[in-house]
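Some notes on the structure that comes next.
The values are calculated or read from the model by the stated rules, or taken from the named source; none is laboratory data. This is a predicted model, so every value here is computed, not measured. We place every Cβ from the backbone using ideal geometry, glycine too, and count neighbours over all the protein chains shown. With ligands, DNA and RNA removed, areas are computed over all heavy atoms of the protein, side chains included. Shrake-Rupley method; radii C 1.70, N 1.55, O 1.52, S 1.80 Å.
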Amino acid sequence: MKTAVEELSPTRVKLTVEVPFKELEPSLQAAYKKVAQQVRVPGFRPGKVPARIIEQRFGRAVVLEETLNDALPKLYGQAVDETEVFPVSQPEIEVTKIEDGEQVEFTAEVDVRPAFDIPGYEGAEIVVDPAEVSDEDVDAQLDGLRQRFATLTGVDRPAQNGDYVVMDLRAEIDGRNLDEQQAADVSYEVGAGSVLQGLDDALQGMAAGEDKTFRTTLVGGENAGEEADVIITVKSVKEKVLPEPDDEFAQLASEFDTLDELKDSIREQARRNKLVDQVVQSREKALDALLDRIEIPLPESALTAEIDARKHNLEHQISESGLSREAYLRLQQTTEEELFAEYEANAAKALKSGFVLDKIVKAEDIGVSEQELTDFVVRRAMQMGVAPNTLAQHLADNNQLPLAMMEIVREKAKTLVGDAAKVTDTAGNEVDLKAIYAELNPEQEAVGVDEAQEGDEPADAPAAGEAGES
C-alpha cells in the first residue's frame, strides 16, 4: 500500500491511497461468504453458493462493493498510522480507481490536528490565592454546619425572607382552573428565588390561613409561557433556628467534645482545601499561560462538534428540569446568547488544550499504568455513587477505556506544566508544590487533581440532612 498526503489547509489533508489488489484478498473472501449467506440460488444451500455462481448470477460488482465496504475502513486506519496524521473528524472517502485484480485507489479528506510547536514552559510565573485561613473562613464553615443542623419552628407572624412556608398553589387562565398547575403542601423558603416570578414578593407579609393571587408567566407544563393567575394559600410559617455554637453543638455535629476542637479541625481542613486550590490554580494558570503563547488554527468540524455537544447537553438539562426554556435560562441567570457565546469560547479552549496536552504527552512519552487506571476508575465511581466494578465494566463494554486513559495522561501533562512554573501567592510568598504534594499525599511522589480534591468539607463533621422541624 502506498499513501500520499496533500495538505489542503493547515487543518485539513487529503490522503491518496493506492492498494495492490492482493491486499484485498481477505476482504474479498469475506465478501463472497457474506453475499452467499444473503442470496438464494436453486440447488444450493444458504451460504454454500460458489463464488463463480455468485458472479454469474449477480455480477462481480456486487462482490467488489462488499469487499470495499469491508476493506476501506481498515485501509484508511492503516494509512493514518503510516502517515502520522491526527484526524479529528470522520473522513470523506471516495474510491477513484478500481482495476479488478490489479489495484484499487481511494482518497480520504479529513480534518486533522494542525502542526505547531510547543515553546518551553519552564519558569512561567504564576500567581495563586494564599493558603492562609482566616477566622472568617472558619466562622463561615461553622455557620454552614449549623445550617445543616437547623430546626424549623412555627411562628405566629407574617412570613419574611428566610422563613419556610407550607402552602397550596393553583393556577387559572381566564378563570379556568388548570388541573396540572396545582400543588398541595409545598414547603418553600421565602426569598430562595423561585423560577415562578412574583412568588417571593407575594409570600412576604402573608400569614398562616391567608390567600393571595398574583399574575405571572407559567414555567412548565402544557401552558408554559402563558400568563396566568396563581392563587396561594399559606398553611403555616416557620422560621429556621440555628443551634448555638457551643460544646453541645460540637458533640452533636462531630466526634469532638468541645467547640474549640471542632474549630481547629475545620481550620485544618480549610487549610488543606486551600492547598488543593493552589495546586489546581497553578496547573490551570500555567496551562493558560502556555496556550496564550501558541497560535493554533482550529478545525471547523471539530469546533462545531464541541459546541454542538454542549448545546445537546443543554437541551437534555432543560428537558429533565421540566421547565420552559425561558424559565430554565432565568434560573441560570443567563441568556441563550450569553450561554452560546460561552460555549464557543469554552469549546475553542478545550480543543486547543487537548491538542497541546496530547503533544506534550507524546513528547514526554507519558503513559498510564494499570494502577493509575484502577485508581481513576475508583475515584470516578465514588463521585458517581456507583460500584467501581460496575463502572469499569461499563467503560469496557462501551469502548471508553481509551477515553479514560486519555484523560489520565492529559492530566499528567497538565501537572508537568504546572510543576514547571514558578508559583507565588498574591502576598508574594513562594508556593512549593512538591511540599504540598508531600503533605496531602505523603505516600505518593505527586498528587493528582482528583486525589487532591477529595474531602472538601470538614473531615470530622458528619454529613447531615436538611433542616429538621419542631
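A few notes on this one:
- Where strands (runs of 3 or more DSSP E) fall wholly inside the range 142-220, the ranges with 2 or more residues that are aliphatic (A, V, I, L, M) and farther than 30 Å from Ser254 by Cβ are 164-173, 176-189.
- Subset of the range 282-302 (residues that are in contact with a helix residue (DSSP H, G or I) (Cβ under 9 Å, 6 or more places away or on another chain), in a helix (DSSP H, G or I) and open to solvent by 30 Å² or more (accessible area, probe 1.4 Å)): Glu284, Lys285, Asp288, Ala289
- Restricting the range 122-141 to residues that are out of contact with any helix residue (DSSP H, G or I) (no Cβ under 7 Å at 6 or more places or on another chain) and part of a loop (DSSP other than H, G, I, E, B), the residue that is nearest to Arg272 (Cα to Cα) is Glu132.
- The residues listed here are Ala61, Ala108; of these, the one that is small (Gly, Ala, Ser) and assigned to a helix (DSSP H, G or I) is Ala61.
- Between Val276, Val237, the distinction of being at pLDDT 95 or above and closer than 30 Å to Gly123 by Cα belongs to Val276 only.
- Per this entry, Ala309 is counted among residues that are open to solvent by 50 Å² or more (accessible area, probe 1.4 Å), farther than 29 Å from Asp143 by Cα and within 26 Å of the chain's Cα centre (by Cα).
- Applying a threshold of 6 Å to beta carbon distances and a minimum spacing of six or more residues, or different chains, the list of pairs starting in the range 362-374 at a residue that is aliphatic (A, V, I, L, M) and ending at one that is open to solvent by 50 Å² or more (accessible area, probe 1.4 Å) reads Ile366/Lys412; Val368/Met405.
- Exactly one residue among Gly198, Gly205, Gly162, Gly193 is under 23 Å from Arg325 (Cα atoms) and out of contact with any strand residue (DSSP E or B) (no Cβ under 6 Å at 6 or more places or on another chain), and that residue is Gly193.
- For the range 319-337, the criterion of being over 30 Å from Ile296 (Cα atoms), touching a Pro at 6+ places or on another chain (Cβ under 7 Å) and open to solvent by less than 40 Å² (accessible area, probe 1.4 Å) is met by no residue.
- Candidates are the residues of the range 196-239 that are of a type in the set (Asp, Glu) and more than 37 Å from the chain's Cα centre (by Cα); the one that is most open to solvent (accessible area, probe 1.4 Å) is Asp211.
- Within the option set Gln160, Gln90, Gln141, Gln147, being open to solvent by 50 Å² or more (accessible area, probe 1.4 Å), of a type in the set (S, T, N, Q) and within 30 Å of Arg60 (Cβ to Cβ) holds for one residue only, Gln90.
- Considering Asp229, Asp257, Asp277, the condition of being without any contact (Cβ under 8 Å) to a residue 12 or more places away in the chain and on the phi < 0 side of the Ramachandran plot is satisfied by Asp257 alone.
- Total residues in the range 244-254, condition touching a residue at least 60 places away in the same chain (Cβ under 8 Å) and in a helix (DSSP H, G or I): 3
- Every test in (1) closer than 23 Å to Ser321 by Cα; (2) surrounded by 15 or more Cβ atoms within 10 Å (Cβ to Cβ); (3) not acidic (Asp, Glu) is passed by Gln182 save one, and that test is (2).
- Inter-residue pairs, beta-carbon under 7 Å, first free of Cβ contacts under 8 Å to residues at least 24 places away in the same chain and of a type outside the set (A, V, I, L, M, F, W, C) and in the range 149-175, second exposed (fewer than 14 other Cβ atoms within 10 Å of the Cβ) and assigned to a loop (DSSP other than H, G, I, E, B), 6+ apart: none
- Positions within the range 240-251 being more than 27 Å from Asp185 (Cβ to Cβ) and either crowded, with 16+ Cβ neighbours inside 10 Å or modelled with pLDDT under 95 (or both), in sequence order: Pro245, Phe249, Ala250
Residue-wise test of (1) assigned to a helix (DSSP H, G or I); (2) modelled with pLDDT of 90 or more.
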{"site": "Arg310", "(1), (2)": "yes, yes"}
{"site": "Glu326", "(1), (2)": "yes, no"}
{"site": "Thr334", "(1), (2)": "no, yes"}
{"site": "Glu337", "(1), (2)": "yes, yes"}
{"site": "Phe340", "(1), (2)": "yes, yes"}
{"site": "Tyr343", "(1), (2)": "yes, yes"}
{"site": "Asn346", "(1), (2)": "yes, yes"}
{"site": "Leu351", "(1), (2)": "yes, yes"}
{"site": "Phe355", "(1), (2)": "yes, yes"}
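- Single condition Ala427 does not satisfy, out of (1) over 30 Å from Asp129 (Cα atoms); (2) touching a residue at least 60 places away in the same chain (Cβ under 8 Å); (3) part of a loop (DSSP other than H, G, I, E, B): (1)
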